[in-house]
1. If Gln471 satisfies every condition in (1) at pLDDT below 50; (2) within 14 Å of Ser458 (Cα to Cα); (3) surrounded by fewer than 18 Cβ atoms within 10 Å (Cβ to Cβ) but one, which is the exception?
2. For the stretch 609-619, which positions are touching a helix residue (DSSP H, G or I) at 6+ places or on another chain (Cβ under 9 Å), surrounded by 14 or more Cβ atoms within 10 Å (Cβ to Cβ) and not β-branched (Val, Ile, Thr)?
3. Working only within the stretch 233-292, note down all residues that are among the hydroxyl-bearing types (Ser, Thr, Tyr) and either open to solvent by less than 20 Å² (accessible area, probe 1.4 Å) or part of a loop (DSSP other than H, G, I, E, B) (or both).
4. For the structure I just gave you, tell me whether Ala660 is modelled with pLDDT of 85 or more, under 15 Å from Leu594 (Cα atoms) and either of a type in the set (Lys, Arg) or surrounded by fewer than 24 Cβ atoms within 10 Å (Cβ to Cβ) (or both).
5. State the number of residues belonging to the stretch 502-533 that are open to solvent by less than 20 Å² (accessible area, probe 1.4 Å) and either closer than 15 Å to His430 by Cβ or of a type in the set (A, V, I, L, M) (or both).
6. May I ask you to list the residues in the stretch 498-545 that are over 25 Å from Met462 (Cβ atoms) and either of a type outside the set (Ser, Thr, Tyr) or out of contact with any helix residue (DSSP H, G or I) (no Cβ under 8 Å at 6 or more places or on another chain) (or both)?
7. Can you work out which of the residues in the stretch 534-552 that are outside any helix (DSSP H, G or I) and surrounded by 19 or more Cβ atoms within 10 Å (Cβ to Cβ) is modelled with the lowest pLDDT?
8. For the stretch 555-596, how many residues are open to solvent by less than 30 Å² (accessible area, probe 1.4 Å), part of a strand (DSSP E or B) and farther than 13 Å from Thr422 by Cβ?
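The values are calculated or read from the model by the stated rules, or taken from the named source; none is laboratory data. Quick caveat: nothing in here was measured; it's all calculated off a predicted structure. All Cβ positions, glycine included, derive from the backbone under ideal geometry; neighbour counts span all protein chains shown. Protein only, heavy atoms only, side chains kept; ligands, DNA and RNA dropped before computing areas. Shrake-Rupley method; radii C 1.70, N 1.55, O 1.52, S 1.80 Å.
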Amino acid sequence: MLMIEGNIHGTNSGDQRNCQESVQAECAWCSLPVAGVAPSDPSSNESIYCCYGCRFAHAVTEEKGDEGAIRWTVVRLGIAVFFTMNLMAFTMTMWSLDVYDVKVDPFQQKLFEVFRWLSMLFGLPVLMLLGWPLLQGALASWKQKIYSTDLLVATGVASAFGISVFNVLTGRPNVYFEVGAMVLVAVTLGRWLEATGKQKATEVLDQLSAMLPAKARLLTSDRSRESGREEEVDSASLQVGHHIRVAAGDRFPADGRVVSGHTTVDEQIFTGESRPVGREPGDSVLAGTVNLEGDVIVECSCAFREGSFGRLLKLMQEARAARGPYQKLADRASMWFFPAISLLSLVTLILHWKTDVGQAVQHSLSVLLIACPCALGLATPLAVWTSLSTAIRNQVLFRSGESIERLATAGSVFLDKTGTLTTGQPRVVHVLNRETINQPLFTNPDPAETDFICALLSARSMHPFSKAVTQYLASHSMTPRFALSACGTAAESSQDGITDVIHSVRTFSGRGVEALDQHGHRLRLGSLSFATSGTESPLSALASRNADQLAASVVAFSVDDELLRVFLINESIREEAVEGLSSLYTMGLPVTVLTGDRKTRADALAQELAGHLGKKNAVSILSELRPQDKVAAIQSDRQSQGSTVMIGDGINDAPALAVADVGIAMGCGADVSRESAQVCLLSNDLRRIAWAIQLARLTRRIIRQNLFWAFGYNAVGVVLAVFGLLNPAFAAALMIISSLLVISNSLRLMAFDGSGSIHHA
């Protein structure tokens, strides 16, 4: 998934400040930031929670005791449900007088009086078991400046119980124990379900953290593999400079450098590619990657969770804390809910007070319950948190919820060419030789021997074009001795007498390599003018024409200035690029490639892309652009097309990434801290672009659905409650249903399959 170096950037100072403030304290259950709350003293045992549901859910899962024992918190809820069920049985019996026209005899009056006392007896334990913890949680949230309706609900329930107790003791007819008990059970279950939903949406951080081993083998004496004494320690104690042994099959606990041993490493978690990568002494390794083969000794370059993984987790925390426009809207609405609903509940109490005090309390409680902004509070953040988790599992890192919302409005897409659309690595795309134009070879009539000599010369140069020639010959040549020549080392080559084939090797910077063979012939590999000393020939003319057509560079091989072989070199388009561009075209997004290459090379690229995509004008290409020209092109497009997306490698494309509405850095790998980018692709897979845009659009649609439901539900429910048309028990049940709808709708994003819809198994 990720690679990381340097400091974390990519947000403006205001966003950074908000993020830092938001992540100061985290909920002990769902790990979400508790805004405006300072972190508790590490030595304190007091936990911080974002809501009563998280407080209750954490208590359920964290109670200590013997294995298999039923936790006290669950027992408490079970006992409350038991008493509530019995309480409802008594209440339904007493309701029969209102349903059926029955003349009450003295025995029934005595029986119902007993039921009233039994209702109080069964109702008070529910109040103590669930009401008191709810009140404690509400008061704790109040101290943390989290204004929820839990305190109002607790007050309403207490009022219903108080009036009922008073009526039982004074012989008055109406009691409302069942209302208070049902509300407490429903609220507790609802809050628990909400907390579980939030925890599920954000559990990806726990999964990432679990990838780092808890224990490490620290070398405490001789640091060599053979005689070093090792001690198993907590990975959290690792510091810079510590030497550790990592066995085959284990994950590296911290970033470091291989001191001894050879192995291969699976870096899929950072790069998204499952291909193992070789590692030997001097090479770096990243925390969380897997050592596939031999044991190695690693010197830690950072402390535990302070390198690659630490920065990844911090970025994820900042992304969760940052709030986009929809989240800010919901936050503002929730802030107004508390005073507005409190006032409306009081007005309802006053309106119905003269009719019946007990009924007035019930209607007032109904207003509090139905207007509880749980669904509204979850509508936006839960969808965003789920989207962030889904994205990171698919090698896409959104820096904030706002970047998701911006990407959903994308109107056009710009791509840098080198390193983004293309691999950035030159490769041989075509080969010409004397046989191509039916002329006899002057020397080296055997093509395999020509390959052999070319490989010897290319291996002596570090130029990227020479490496491209070497790689091409390594994969295409049939010469048995080629493996030695491609190594380019005298020690290996001398074993087969290869060093006797050429001698007097000289490198001419920017031009090529020259050597003499055993017969004194001058061998040259390099530019066309260097290889031929400016001499024209049919092969050189053919090479020039083909190079212009393909917009390719030329590497020529000659013997005594006579041209024998020509390699045409160009960058290769990424394997997945065509599919990625095709997906963007299908989505109706105009795609423009920005490049500094000359126009002939850009035209050749346009023809190649048109051939792959089957559409002549599917992709536009702007050539001969300087960095400021790329910025101007994006700004001009924004005026006509709207929201713009710029995709680059995050290094030389920083100005363009910064000016676009959404900057996407490719191949962040271990360097997720790319500046100027709001989105980081951990791999170089261009198909992730269309996937990310589809996810962003689906996230925005789900946010809108959640907000529409939450606002509409509360508006209709409050009106019904104010006019006394909604029983508090039904209001509590509807509150649960509303929250569950928002939760289930948001969690659908976890099943996103990249097709623009939700995948159902």
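1. The one condition Gln471 does not meet is (1).
2. The answer is Leu609, His612, Leu613, Ala618.
3. Scanning the stretch 233-292 gives Ser235, Thr263, Ser274, Thr289.
4. On the way: modelled with pLDDT of 85 or more: yes; under 15 Å from Leu594 (Cα atoms): yes; either of a type in the set (Lys, Arg) or surrounded by fewer than 24 Cβ atoms within 10 Å (Cβ to Cβ) (or both): no.
The answer is no for Ala660.
5. Matching residues across the stretch 502-533 total 6.
6. Kept after step one, since they are over 25 Å from Met462 (Cβ atoms), are these residues of the stretch 498-545: 518-520, 534-542, 544-545.
Within the stretch 498-545, Gln518, His519, Gly520, Gly534, Thr535, Glu536, Ser537, Pro538, Leu539, Ala541, Leu542, Arg545 meet the criteria.
7. Per the stated criteria, the residue is Ala551.
8. Looking only at that region, the number is 13.
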